[in-house]
Structure formats: structure tokens, C-alpha cells
Amino acid sequence: MSDKEAATSVRIHEIIARRWSPRALDGEAEVSGEQLRALLEAARWAPSFGNTQPARYLVGLRGEPTYKLILDTLTESNQSWAHRASALLVGCAVTRNDKGAVPYAEYGTGLATQNLVLQAVAEGLVARQMAGFSRDAVRQAFDLPDEVEPLVVVAVGVRAEPEVLGETRDIDRENAPRVRVPLSEFAFRSWGNAAF
């Protein structure tokens, strides 16, 4: 298996360079309780606006009822590979607290989830974030209060050979090189005037 390390213009931290979102997961591998706890601690210590800490996670390990509930909320295409994940988590944002609307709740949950994903890499795991799920199904399955918004499902596990995906198209997509826009189209001194 290739590691698909990011091709960058300068050296970046290996955890960031090695982070990517595979679908090919080992259906027998387990995430330990300590690893799962480390992922959630990393998420818990993410920055947030005014220390509002809006991120919350629903957590299911393979074989647990919570895992099945989360899996059932995914689109069919995501279910086709995510059932091999060792853990499934739903990242939610608390959008209101006793002071009113929580500013930048989605942004704070995104920061927390990125911490979680990078900690997964540090633990020798992989994590893939998904928007392909039913927010209404999550809300109903977990009886979420109105002020809690499910934003993302994260599959965590151990990489497997792409062939576990079965379909040639899926295997080819898993093996394809990672691509990003060049830095010249990403960072500007003024709009359209490349910073690098």
C-alpha cells in the first residue's frame, strides 16, 4: 500500500502530509479504547470562539448499537465501505447555550474534528469524514435537542488494500494520486496576486 503522502512545495509536518481519506478499511481491525479516547481528547482541546466548545460526538465502536445506528444514517454509497470502519462518530455542533446563539459553532466543530482526524494519523489509524448521511435520521435516532446540529460522520479504522472495495472504479479512485490546487491559486497578496 502506498502512503500517498502529500506532495508539498516545502516540508510540512508528517502527520499533516500523511493525512488522507481512504475508503479501504480493514473490517477486522479494532480501535482500542485508549486510541478512541485520545482522538476525543484531541478534539476536546481544539480552539473555539470565546472558548464556547461547541463540538460534541456520538461514538460507536463496531459491534455496538450506536455504531449500527450511525451506519444506518449513511447514504448507500457510504454504507458500502464504512461498514468496515472500526468506529463511527457523528460530529455535532451545539448552536445555542444559556447565553444565546453560539458564534462560529460549525467552525469550532470543524476545528475539533480536524484535531480528531490528525490524532487518528498519530495513532496509526485513518479517518474519513462524510457529509453523505441523513441529519434527520441522526436527530431522530439519537433524540438530539433542537440546539444540536449533526454536521459530519467520521469513519475511523485501519487501512486495507484497495481491493477490499471490490469495484474497479472504487479501487482506481483509492489508488489515484492526491491532488490540490497549487499554492499560487491558494494564497494571495491581493486577490489573484499570488503570495508564492
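Before moving on, here are some points about what is shown:
- Summing Cβ point charges (Lys, Arg +1; Asp, Glu -1) relative to the Cα centre of the chain gives a dipole of roughly 600 debye.
- Selection from GLY100, THR66, VAL90 lying farthest towards where the dipole of the range 1-108 points positive, charges on Cβ: GLY100
- In plain terms, the chain from GLU161 to ASP146 could stretch by 1.3 nm, reckoned as 0.36 nm per residue minus the Cα-Cα distance.
- Between the range 121-196 and the range 1-72, the Cα center-to-center distance that results, in Å: 10
- Estimated [θ] at 222 nm from DSSP helical runs (n ≥ 4, -39500 (n - 2.57)) normalised by residues in the chain, nearest 500: -9500 deg cm²/dmol
- Mean Cβ count within 10 Å, highest first, over the residues of peptides 108-116, 78-86: 108-116, 78-86
- Stretching LYS68 away from ARG169 to a fully extended chain increases their span by 33.7 nm, per 0.36 nm per residue minus the current alpha-carbon distance.
- When you count the other C-beta atoms within 10 angstrom of each residue and take the mean per peptide, 23-30, 166-173 line up highest first as 23-30, 166-173.
- Here the accessible area of the range 1-63 is 50 percent carbon and sulfur, with a 1.4 angstrom probe and all protein chains present.
- Answer label, with mean projected area of the Cα convex hull in nm² calculated from the coordinates and candidates (1) 11.0; (2) 10.1; (3) 12.9: (3)
- Applying 0.36 nm per residue to the separation of PHE49 and TYR107 and subtracting their alpha-carbon distance, the gain on full extension is 20.0 nm.
- Split the accessible area of the range 66-153 by element, probe 1.4 Å, and carbon with sulfur accounts for 47%.
- About its Cα centre, the dipole of the range 1-85 is roughly 260 debye, where the only charges are +1 on Lys and Arg Cβ and -1 on Asp and Glu Cβ.
- Computing FRET efficiency as 1/(1 + (r/R0)^6) for GLU30 and PHE186, where r is the C-beta to C-beta distance and R0 is 35 Å, gives about 0.40.
- Amide H contacts of LEU25: ALA160, each under 5 Å away and 5 or more positions distant or on a separate chain (H built 1.01 Å from N in the peptide plane; Pro and chain starts excluded).
- Per residue accessible area of the chain, 1.4 Å probe, in Å²: 58
- Label-reachable residues, the range 108-146, where backbone N falls under 14 Å from a point 7 Å from ILE15's Cα toward its Cβ: 112-127
The values are calculated or read from the model by the stated rules, or taken from the named source; none is laboratory data. For clarity, every value in this text was computed on a predicted model and none was experimentally measured. Backbone-built Cβ (ideal geometry, glycine too); neighbour counts: all protein chains shown. Note: accessible area is taken over every heavy atom of the protein model, side chains too, but ligands, DNA and RNA are not part of it. Shrake-Rupley method; radii C 1.70, N 1.55, O 1.52, S 1.80 Å.
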